[in-house]
Amino acid sequence: MRRIIERETARSPWRFFPLATAGALVLVMVVNAGMVWSALSTFPGAAQNDGFDESNAYNQILAAVERQNALGWQVAADTLSNGRAVLHLKDRNGQPLTGAKIEANAIRPIGPAHATRLQFLPTEDGSYLADMALPLRGQWDLMVHAVRAGQEYRVTRRVLVK
């Protein structure tokens, strides 16, 4: 009789192992479901479906890149404290590139989808200032299109609006 009483009082700590394993699996599934929901609800939809068309014109794309590289232009982007974007264009010798007409599409790479079209105006120091401030704080991709003396230059630069 004494042995039966001892066995009942001395239970194994492993009796909770199946319950702990099931709980851990449920926790993993809940976290994964939350991550999937977050990824799907915040996707800005920037993916494009024109890969086939671009592959048909790949030689033209390569030729345009070579022409653009031959120009030797350098483009740097920044933002002012008021949220306006600034572009610094330089030629191959590092001198400011004046007389360019610059437009850009500003697109948010993360977060809610938002696009803004910007025109850039020349400043006294040879830089170019956006005609308006970017409307939201955070990261923006500027898809810049600059034209000067019949030469075109396209580049994407990321800026941060604080």
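The values are calculated or read from the model by the stated rules, or taken from the named source; none is laboratory data. Predicted model only: the values in this text are computed from it and were never measured. For neighbour counting, all protein chains shown are included, and Cβ atoms are generated from backbone atoms with ideal geometry for every residue, glycine included.
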Failed condition for R92, given (1) among the basic types (K, R); (2) within 30 Å of M132 (Cα to Cα); (3) assigned to a helix (DSSP H, G or I): (3)
Residue count, region 118-127 (criterion: part of a strand (DSSP E or B) and surrounded by fewer than 14 Cβ atoms within 10 Å (Cβ to Cβ)): 2
Qualifying residue in region 121-131 (condition: more than 22 Å from V65 (Cα to Cα), modelled with pLDDT of 95 or more, touching a strand residue (DSSP E or B) at 6+ places or on another chain (Cβ under 7 Å) and among the hydroxyl-bearing types (S, T, Y)): yes
Qualifying residue in region 110-117 (condition: surrounded by 15 or more Cβ atoms within 10 Å (Cβ to Cβ) and part of a loop (DSSP other than H, G, I, E, B)): no
Some residue of region 128-135 being part of a loop (DSSP other than H, G, I, E, B) and either in contact with a Leu (Cβ under 7 Å, 6 or more places away or on another chain) or not assigned by TED's automatic domain parsing to the domain that holds L71 (or both): no
Counted residues, region 78-91 - those being farther than 14 Å from T123 by Cα and either buried (at least 18 other Cβ atoms within 10 Å of the Cβ) or aliphatic (A, V, I, L, M) (or both): 1
Some residue of region 37-45 being in contact with a strand residue (DSSP E or B) (Cβ under 8 Å, 6 or more places away or on another chain), of a type in the set (A, V, I, L, M, F, W, C) and not in a helix (DSSP H, G or I): no
